[in-house]
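> Submitted below is the structure of interest, expressed as structure tokens.
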Amino acid sequence: MTEMTGKLRKIEGTVRDYKALGVHNVQLEIQGANNLIDLNVEQPWMLRIGDHIAVAGEDDGRSGKFYGYAYCWTAFATL
């Protein structure tokens, strides 16, 4: 069971690692952030390691996860 704080906030940084959970769901690690980020979006997500990202969402006070609802990114990684 989750216990959301009810306060939206933003986490911003460089994608260090990710694990695809589905087309609309991904778990992220962002450099400098202490939270595991669980991003769940309506459109398919599109990220790479090294991309700069900002994620808006809420903290789950019980698990320590950050649940992201929206994101924007800039691709800095090379192909």
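Bear in mind these aren't lab numbers, they're just calculated from the coordinates by the rules spelled out. Note that this is a predicted model, so its numbers are computed, not measured. All Cβ positions, glycine included, derive from the backbone under ideal geometry; neighbour counts span all protein chains shown.
> Output the relative contact order of the stretch 9-74, whole-number percent, from Cα pairs under 8 angstrom with separation of 6+ residues.
33
> How much net charge surrounds N40 when only the other residues with a Cβ under 14 Å from the Cβ of N40 are counted, with Lys and Arg +1 and Asp and Glu -1?
-2
> How much length is gained on full extension from S63 to N34, taking 0.36 nm per residue of separation minus their Cα-Cα distance? Show your work: numbers first, answer last.
On the way: separation 29, 0.36 × 29 = 10.44 nm, distance 1.26 nm.
Gain on stretching S63 to N34: 9.2 nm.
> Moving to a separate point now. What list do you get for I49, I30 if you sort them by fewest beta carbons within 10 Å?
Numbers: I49 12, I30 23.
So the ranking, lowest neighbour count to highest, is I49, I30.
> Could you list V23, V41, V55, V15 so that the one with the fewest beta carbons within 10 Å of its beta carbon is first and the one with the most is last?
Least to most surrounded, the residues fall as V23, V41, V15, V55.
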